[in-house]
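Colleague: The structure's right below; bear with me while I get my questions together.
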Amino acid sequence: MAQSTRKFALRRDISGQDEERRELMRSLSHTRTLINQAYGGFNSASDSDLIESYVFEINSLQARYNYLLRRVKELEGAS
């Protein structure tokens, strides 16, 4: 009985990791889209304040993307 419970708990942990990985991958894809949009805005901006805001936005999104990518790699290493 204890072994059966243990197998169920292990399966649930793996399933939770899979779900977390899928969510991280969705977030990576969405963040990549936002980065591309920010670059598009940066390339079409002519006002210096707007250009500066795009620079900050791009840097922020790239930091988020790096974090998400690191989390995916950590999960894959733990599997």
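Colleague: What residues of the range 18-51 lie in the reach of a label at Arg71, counting those whose backbone N is under 20 Å from a point 7 Å from the Cα along Cα→Cβ?
Modeller: Residues 18-36 qualify, since their backbone N sits under 20 Å from the label point.
Colleague: Sticking with this one: Give a residue-ordered list of calculated ³J(HN,Hα) values for the range 16-21 (Karplus: 6.51 cos²θ - 1.76 cosθ + 1.60, θ = phi - 60°; whole Hz; x for Gly, Pro).
Modeller: x, 5, 4, 5, 5, 5
Colleague: Using θ = phi - 60° and the Karplus curve 6.51 cos²θ - 1.76 cosθ + 1.60, what whole-Hz ³J(HN,Hα) does each residue of the range 32-43 get, with Gly and Pro shown as x?
Modeller: With the stated coefficients, the range 32-43 comes to 4, 4, 5, 4, 4, 5, 5, 5, x, x, 4, 5 Hz.
Every number in this text was worked out from the coordinates using simple rules, so none of it is lab data. The structure displayed is predicted, hence computed values, not measured ones. Cβ sites come from the backbone with ideal geometry, for glycine too, and all protein chains shown count toward neighbours.
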